[in-house]
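A quick write-up on the structure given underneath.
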Amino acid sequence: MNAETLARIFEPFFTTKELGKGTGLGLATVYGIVRQSGGHILVESEPGKGSTFRIYLPRIEGVPEQVVEAVSPLPARGSETILVVEDQNEVRALVQRVLGDYGYVVLSAGEIADAIRVVERHSGPIHLLSRIW
């Protein structure tokens, strides 16, 4: 990375990817988690060769005072039909799974033209159309 890019990598929504291909939240999220944990990140980067990220977190001695019990999943709350439009397969699959776990009927499409075909073929109502970008 050049110096200009390196100076901005932890800014929310900063991305070097083309429009619609990245959210710019990945490194901002990592930075936030590391800082909240009392840690810090060192970055070394050489244009054309690559970058190294070192994450330092404080050591915790002993046993935690309180053991946190696993949270049980929330009961399904929805039954409506949602159409999710997302060009990244992994993101689309994740959103489908999460919404499905909450009881929604999830239709999906990779692009707007596909979404139009899904709407035309679907016989029932679609309660929400979501394009994730």
Given (1) at pLDDT 90 or above; (2) within 30 Å of residue 92 (Cα to Cα), where does residue 18 come up short, assuming only one miss?
(1)
Answer yes or no as to whether residue 65 is outside the structural domain of residue 85 (by TED's automatic domain parsing), out of contact with any strand residue (DSSP E or B) (no Cβ under 6 Å at 6 or more places or on another chain) and at pLDDT 90 or above.
no
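Residue by residue, here is whether (1) under 26 Å from residue 19 (Cα atoms); (2) out of contact with any helix residue (DSSP H, G or I) (no Cβ under 9 Å at 6 or more places or on another chain); (3) not assigned by TED's automatic domain parsing to the domain that holds residue 19; (4) not in a loop (DSSP other than H, G, I, E, B) holds:
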| position | (1), (2), (3), (4) |
| --- | --- |
| 87 | yes, yes, yes, no |
| 96 | yes, yes, yes, yes |
| 100 | no, yes, yes, yes |
| 103 | no, yes, yes, no |
| 108 | yes, no, yes, yes |
| 117 | yes, yes, yes, yes |
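The values are calculated or read from the model by the stated rules, or taken from the named source; none is laboratory data. All values reported here derive from a predicted model rather than from experimental measurement. Note that we place each Cβ from the backbone using ideal geometry, even for glycine, and neighbour counts take in every protein chain shown.
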